[in-house]
Amino acid sequence: MRTPSQSSDVSPDQPVYRILRPRVVPLDQIHSSDLPRDRLDLPGQAGSAEMQALKASLSQRGQRVPVTVSRDQQGRYQLVSGWRRLAALQQLAEEQGLADPMITARLTGIGAARMELYIDMVESNLLHQGLSFGEMAQLALTASADPALSDLGVGEVVTRLYGTLPKMKRSYIRRFVYLLQVLGDGLRFPHKISRNQGVAVSRQLRNNPETAEDLRQSLSQCPNETTQSAVFAQYLLSTRVRTPQKTQPERRFHLGKTHVTGRMGECVIRRDTDFSRIDTAVLSRAIQAFERILQNG
């Protein structure tokens, strides 16, 4: 296994594996102000039952999995991945009145590319906790606005951040990106949107962009995710009802007293004649001649 300093003879197509050696550092030296978190409801996470279970495990067994940190331009440790472990240790230190709490951290490569730090954070949660489509889309939007990634569009950011995910799942993330772009701050609970509902609403917004403002106003008044889901359901129902069916191209012309309309798979002939009184044999010969001319020109 090679470290970055040993990689000079590695071809560009070969992966370079980083060995991140753990170190024990004071807890208050770990900052989380550099990278935006991929979790949207951090207060909810901090007070969740899962957090209580993690604290109990850390209290009984100690910290078995290090957090990952990087160095910022001021030389401070900045959290890359492991926010839940960091928050749990901070809560334990406060609750137990620890004077000098410590934390085990792995320092990622000095000067690591900015995108690599985002990927490290994302992959940690994808593997251990899972992220909602709303959270993945929001992180892609935030990362694309990072000055260090200004040369990348949000579509490319999605590709790089979530490159290990199936292509279809990345397509869903892009649908959610569009959803968040259009609805903006009106969307109060993006992390609670189900995949199917989010994809359907995104599609309808693309087809009916004039409906975005009304939907945004309705969503901004939602007190919880249940109401938000109900607003989306009503929106989907209303847009499906009023979305016009695509009209088929057609050709119309007159031939004497006969009016002809031609469409895909259909030819309508109208004239002031009671076709029910015409002998079947006569109609058959007319249709046969019609088909012969269509085939032979």
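Computed from the coordinates by the stated procedures, all read-outs in this text should not be read as laboratory data. The shown structure was predicted, so the numbers you read here are calculated from the model rather than taken from an experiment. Cβ coordinates were reconstructed from backbone atoms using ideal geometry, including for glycine residues, and neighbour counts include every protein chain displayed.
With unit charges on the beta carbon (Lys/Arg positive, Asp/Glu negative), name the residue among 211, 287, 228 whose Cα is farthest towards the positive pole of the charge dipole of region 195-297.
287
What's the ranking of 82-88, 282-288 by average number of surrounding C-beta atoms within 10 Å, highest first?
In decreasing order of mean packing, 82-88, 282-288 become 82-88, 282-288.
Counting other Cβ atoms within 10 Å, keep those with at most 12, restrict to DSSP loop, and tell me which GluC sites (Glu not before Pro) in region 208-297 are left. Show your work: numbers first, answer last.
Working: sites: 210, 213, 225, 250, 266, 291; in loops: 250.
Answer by residue number: 250.
Measure off 7 Å from each Cα along the Cα-to-Cβ vector at residue 281 and residue 164, then give the distance between these two points in nanometres to one decimal.
With each label placed 7 Å out from Cα toward Cβ, I get 8.0 nm.
Output ³J(HN,Hα) for region 270-287: one whole-Hz value per residue in order, computed from phi by the Karplus curve 6.51 cos²θ - 1.76 cosθ + 1.60 with θ = phi - 60°, and x for Gly and Pro.
Rounded to whole hertz, the list is 10, 7, 6, 9, 8, 5, 5, 9, 7, 4, 4, 4, 5, 4, 4, 5, 5, 5.
Determine ³J(HN,Hα), in whole Hz, for all residues of region 201-215 in sequence, where each value follows from phi through the Karplus function 6.51 cos²θ - 1.76 cosθ + 1.60 and θ = phi - 60°; x replaces Gly and Pro.
Karplus values, whole Hz, x for Gly and Pro: 5, 4, 5, 5, 5, 5, 6, 9, x, 5, 8, 4, 5, 4, 5.
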